1. Search the range 190-201 for residues being surrounded by 15 or more Cβ atoms within 10 Å (Cβ to Cβ) and more than 20 Å from Tyr110 (Cβ to Cβ), and hand back the single one that is modelled with the lowest pLDDT.
2. Only one residue in Tyr131, Tyr110 is more than 14 Å from Tyr31 (Cβ to Cβ) and surrounded by 20 or more Cβ atoms within 10 Å (Cβ to Cβ). Which one?
3. Within the range 180-203, can one find any residue that is within 27 Å of Asn80 (Cα to Cα) and touching a Gly at 6+ places or on another chain (Cβ under 8 Å)?
4. Out of curiosity, is Lys165 of a type in the set (Lys, Arg), over 20 Å from Asp58 (Cα atoms) and either modelled with pLDDT of 95 or more or surrounded by 19 or more Cβ atoms within 10 Å (Cβ to Cβ) (or both)?
5. Looking at the range 161-182, I want the residues that are touching a residue at least 24 places away in the same chain (Cβ under 8 Å) and have a partner that is surrounded by fewer than 18 Cβ atoms within 10 Å (Cβ to Cβ) and part of a helix (DSSP H, G or I) with Cβ atoms under 7 Å, at least 6 apart or on another chain. Which pairs are those?
6. Of the residues that sit in the range 197-218 and are within 26 Å of Val29 (Cβ to Cβ) and in a loop (DSSP other than H, G, I, E, B), which one is farthest from the chain's Cα centre (by Cα)?
7. Is it true that some residue in the range 9-30 is outside any strand (DSSP E or B), at pLDDT 95 or above and acidic (Asp, Glu)?
8. Looking for whichever is farther than 21 Å from His56 by Cβ and part of a strand (DSSP E or B) here; the options are Leu158, Leu188. Which one fits?
Amino acid sequence: MNSYTTPLGEVRIGWMGHASLILEWNGKVIYSDPYSEVADYAGKPAADLILITHNHYDHYDPAAFCHVETPATKFVVSQNVGAVDARYQVLENGESTEWEGIRIAAVPSYNIERRNEEGNHFHPQGVGNGYVLDFGGFTLYIAGDTEPVPEMEALPALDVALLPKNLPYTMTDEEFIGLGNRLQPKYLYPIHFFELDYDALRAAIDSKIQLVNPKKYD
């Protein structure tokens, strides 16, 4: 896991595979988009918070999070997941909430160009969430399944950005590079990829940005 110092304490980020993440912070455990096909969640730390970006099976997977959820686990989810029970808080694009002193903002995550065989966007506008987590001024951006979209111009200065990189669903390598260079996070993670040429990405990413080569959490 990679560790970062924030005004609210150390946060550690681990990549579970695909778009799935685990964050450890002040004794709390946060999961994002747990997915059972890329990790075995049995025996993993219990979840205090689970973030779900949208309802596709590789992001909203009860077979994964059933191993780590408890009656006290809080869920922050997109509108197409919905309020499954009282633990679920639905955020639409532009809404925010606070959890244990962290501000969590839901930001747009969608396709502009890429569509399925029926001609519909894989991820329609206004449905899925990205999340910006603000640890007292240290900002961490989990982009969700998205292409570069105009609303990203309104994102705050970012300390960490985790961006998807795969076709046909999210971004090309060139789009990933361009977006990373525009957003200028201090640390940039590629996630949700089918294959990763780290050296090629590193050569194209602004030298002021630290490109993180994600290693699987175990």
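The values are calculated or read from the model by the stated rules, or taken from the named source; none is laboratory data. Remember, predicted model here, so these are calculated numbers, not experimental data. Quick reminder, even Gly has a Cβ in these numbers, built from the backbone with ideal geometry, and neighbours come from all protein chains shown.
1. Leu196
2. It is Tyr110.
3. No, every residue in the range 180-203 fails to be within 27 Å of Asn80 (Cα to Cα) and touching a Gly at 6+ places or on another chain (Cβ under 8 Å).
4. In short, no.
5. Ile177/Ala204
6. Among those residues, the one meeting the criterion is Asp218.
7. So far as the range 9-30 goes, no, none of its residues is outside any strand (DSSP E or B), at pLDDT 95 or above and acidic (Asp, Glu).
8. Leu188
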